[in-house]
1. Among the residues in segment 66-87, are any part of a loop (DSSP other than H, G, I, E, B) and either under 18 Å from residue 188 (Cα atoms) or not assigned by TED's automatic domain parsing to the domain that holds residue 233 (or both)?
2. Tell me, which residue of segment 193-243 that is part of a strand (DSSP E or B) and among the polar types (S, T, N, Q) is farthest from residue 278 (Cα to Cα)?
3. What number of residues in segment 98-155 are closer than 15 Å to residue 169 by Cβ, in a loop (DSSP other than H, G, I, E, B) and under 20 Å from the mean Cα position of the chain (by Cα)?
4. If residue 260 satisfies every condition in (1) among the β-branched types (Val, Ile, Thr); (2) over 26 Å from residue 164 (Cα atoms); (3) within 12 Å of the chain's Cα centre (by Cα); (4) not in a loop (DSSP other than H, G, I, E, B) but one, which is the exception?
5. Going by the conditions given, is residue 451 at pLDDT below 85, assigned to a strand (DSSP E or B) and surrounded by 14 or more Cβ atoms within 10 Å (Cβ to Cβ)?
6. Among strands (runs of 3 or more DSSP E) lying entirely in segment 302-355, which contain 2 or more residues that are within 17 Å of the chain's Cα centre (by Cα)?
7. Within segment 381-409, can you find the residues that are assigned to a loop (DSSP other than H, G, I, E, B) and under 31 Å from the mean Cα position of the chain (by Cα)?
8. Among the residues of segment 128-149, which ones are over 22 Å from residue 51 (Cα atoms) and surrounded by fewer than 18 Cβ atoms within 10 Å (Cβ to Cβ)?
Amino acid sequence: MNKNKFYKKLSSGIYYFSILLFIIGFNFSDHGSGGWTQQFLPSNLPGITDITFTDSLNGYAVTGVDSENKSYIIKTSNSGDNWNIILQDSGGRAFTKVNFINSVTGFACTKWNSGSAKLYKTINGGDNWSLLNNPPLGPSYLDLSVVSENELWIVDNIAFDGGVYRTTDGGQTWDRKYYDVSRPADRVYMINSRIGFISDGHGTNNFLRKTIDSGNSWNLISGAGGWEDIFFKDSLSGWRSLISINNVRSTTDGGINWSTILIAKSGNPSKEINQFSVINDDTIWGIGSYIYFPNLESRGIILKTTTGGKNWGYQLPDTSIRINGSYSYLNFINNNIGWSYANSTTGVHTIKGGDTISYIYTGIQSLNNNVSSDFELFQNYPNPFNPSTKIKYKLNKSGFVNIKVFNILGKEIEVLINARQSAGEYGVSFDASNYPGGVYFYSLYVDNKIIDTKK
């Protein structure tokens, strides 16, 4: 609402081999229905640590360190069929991230070694690279978020010297925007110059903090966990993946509340999504899972939903392509064209949306912890409002009810209802006379469980 005015293996051997026969029966190896082709990075280079494509032809990858203490930036100009070294760093510094904001302007950063970390920039598609200034304490670059050619955010979790840093003049000067020696951040994601997130890990026990004032303050979003991958299509709709769990998280209120989209229950294949590519509200590609074969090998699979996460299927690119374990990197530029690579030197590429055959997970459901058929929260009226509005809700059974109001940062500003109520329809007014103009959210809780959130 606005005051002024997103997006073990199987226990049954019979079922186990039926899956295998099902796969063989469709004969992925002849590419009759297959839409994936195998690609190879240069075999003499160390494994990649990040990859990105700017269009259907041009892509960039960065590597770790080889036995000679060298690391590399490599480029393809033919969709990944061939790769060439375009930059070599000889200081024993592993690259961590590569990020392009358009077809010619990009950045790549390294970890600390030999007295410094390095932050590189190109403005001609990788033909030439220049070094940018480091922040005063010369940190190691664990993560990089690029807002524009001049505004970059980097993060390092080293005690005392670390923190979250921001430049708005292309790296000439830096400001430290977050520092906590007891729980340092190790990842940063900025939606725009003002709004973004930091975390100290990729698990459910890690913190999630949000800023709406360019890092001057960071509000803790309680119980949210960190992220392995994160994407927002705008300031409100976004997705996160966490490590080693069978779901992704989505939000429609800027990260204040998160719904859980369950991929599937336990079993074979595995059900993790570590990285994803969001095409639109309905279509999401994901990697991080694998399928067991009778020889105890595991092969990487690629997940896809075309229903916004309500239903998921998976594709097993050509069984002759032996991607052991799961894929590590994923990049789709549209619904048809994408790449997925292991962290070694092997990957797959599609120009037609993958395979025409997808296997459907059993037990798939969209699990939204915020929705219950026993309770309903209605849209406030009027909306927009000035200065007050009416919030209505319905209880089909009794419970202890809270109606809470939050600002866009996720900070609770008012509790409108805090009482046990019987079944029935109720209404309560919210008077915003004492609050600044802007976007506000309100949530219905019953028995300490969140039911729904609206704005």
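The values are calculated or read from the model by the stated rules, or taken from the named source; none is laboratory data. Note that the coordinates shown come from a computational prediction; the quantities given were computed from them, not determined experimentally. Quick reminder, even Gly has a Cβ in these numbers, built from the backbone with ideal geometry, and neighbours come from all protein chains shown.
1. No, segment 66-87 has no match at all.
2. So the residue we want is 219.
3. Summing the residues that are closer than 15 Å to residue 169 by Cβ, in a loop (DSSP other than H, G, I, E, B) and under 20 Å from the mean Cα position of the chain (by Cα) in segment 98-155 gives 2.
4. In the conditions (1) among the β-branched types (Val, Ile, Thr); (2) over 26 Å from residue 164 (Cα atoms); (3) within 12 Å of the chain's Cα centre (by Cα); (4) not in a loop (DSSP other than H, G, I, E, B), residue 260 misses (3) alone.
5. Working: at pLDDT below 85: yes; assigned to a strand (DSSP E or B): yes; surrounded by 14 or more Cβ atoms within 10 Å (Cβ to Cβ): yes.
So residue 451 fits the description; yes.
6. Per the criteria, 302-305, 329-332, 338-341.
7. We begin by selecting, within segment 381-409, every residue assigned to a loop (DSSP other than H, G, I, E, B); these are 382-387, 396-398, 408-409.
Listed by number, the residues that qualify are 408, 409.
8. 133, 136, 137, 138
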